[in-house]
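The structure appears below as structure tokens.
Each value in this text was obtained by applying a stated rule to the coordinates, not by laboratory testing. From a predicted model like this one, the values you see are computed outputs, not experimental measurements. For neighbour counting, all protein chains shown are included, and Cβ atoms are generated from backbone atoms with ideal geometry for every residue, glycine included.
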Amino acid sequence: MPELPEVETIRRIVARELTGLALRRVDLTLPKLVRDSPLPDLDLLVGRVVRGADRRAKVLVTHWSGGLSVLTHFKLAGQLAVMKPDGRRIVAGHPVPRPDGVYPHKATHLTFQFADGTIVYYSDIRQFGWWRLMATDAVAPALAAFRFGPEGTGGLGLDRDELAGRLQRRRMAVKQVLLDQRVVAGLGNIYVDEALHRARIHPGRAANSIAGEELSALHEAIGWALERGIEQGGAAIRAGKAYPRDGFPAVHGRKDEPCAVCATAIVKMTLGGRGTYVCPVCQPEPVAST
Ligand SMILES: [Zn+2]
């Protein structure tokens, strides 16, 4: 569930709340979280200071003093909770554990204690997330190995013609192509549904059938959906149900609710194994071609 907007939200929290703090202690209770890690021991971070945070696609990159960096992927259910010594708590990522509940939760597997009293809990009810510690010099090649496509957010590189080229080479359903991180980095299930609804394109359309004005609309809609998500600090979806704020998400998680554009009931379907939401009027089904 943490998609690009959720990870960008976490990045901003880390940059704002943790930069300049020295780590006093780290406790890892689920060793498999730190897998395929060039430096396997997170204790190397003790005594170091957080220098800042970057993001590429859905990977958070945290920089520490002394030339170390950490890559974190939140996968399906990662959550970061920051507890400040003044009592503030800032929680982002998956909605479980409950942000207002008791920490550490039974799904909390990694705890960072900072010298000023700040505590950070990483929880992951699915345990698919991962943490990798490496020299800062190793970050660029490690990220390059993922072969991420351009970022889908405004100003970060996905230009219309590049999107066109990437879609025109593929006959698969456009939704599945957009979920491929090598095509557009950072789009996930929620934001693809939102972008396709805004662009009035059925998710089952062949990717290479989208051109001209439709392609322009889709290009605009991808940036719009991700920016909306970032503005909101991540979409609120719990147990498959949307809790929209200001009408967003407009379709994802809103089965049987009226389309905001035409009032037709939103339909849920399965595409490539993923729950997919469409307005049957705004997003007409593709006509079978011969
Ligand atoms: Zn509609």
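Can you pull out the residues in the stretch 56-95 that are aliphatic (A, V, I, L, M) and assigned to a loop (DSSP other than H, G, I, E, B)?
Residues of the stretch 56-95 that are aliphatic (A, V, I, L, M), as a first pass: 57, 59-61, 68, 70-71, 76-77, 80-83, 90-92.
Within the stretch 56-95, 57, 76, 77 meet the criteria.
Can you tell me how many residues within the stretch 254-273 are away from the ligand (no atom under 11 Å from the Cβ) and touching an Asp or Glu at 6+ places or on another chain (Cβ under 9 Å)?
Selection size over the stretch 254-273: 1.
Scanning for something within 14 Å of the ligand (Cβ to nearest atom), of a type in the set (Lys, Arg) and part of a helix (DSSP H, G or I), does the stretch 168-185 turn up at least one residue? Give the derivation first.
Residues of the stretch 168-185 that are within 14 Å of the ligand (Cβ to nearest atom), as a first pass: none.
The answer is no, given that none of the residues of the stretch 168-185 is within 14 Å of the ligand (Cβ to nearest atom), of a type in the set (Lys, Arg) and part of a helix (DSSP H, G or I).
Looking at the stretch 42-57, I want the residues that are in contact (Cβ under 8 Å) with a residue 12 or more places away in the chain and have a partner that is assigned to a strand (DSSP E or B) and of a type in the set (S, T, N, Q) with Cβ atoms under 8 Å, at least 6 apart or on another chain. Which pairs are those?
Within 8 Å, the pairs are 50/62; 52/62; 53/62.
Within the stretch 94-116, take every residue that is buried (at least 20 other Cβ atoms within 10 Å of the Cβ) and more than 14 Å from residue 130 (Cα to Cα) and give me the one that is nearest to the chain's Cα centre (by Cα).
Ranking the qualifying residues of the stretch 94-116, first place goes to 94.
Please specify each residue of the stretch 37-74 satisfying the condition of being closer than 20 Å to residue 127 by Cα and aromatic (Phe, Trp, Tyr).
The answer is 74, and nothing else.
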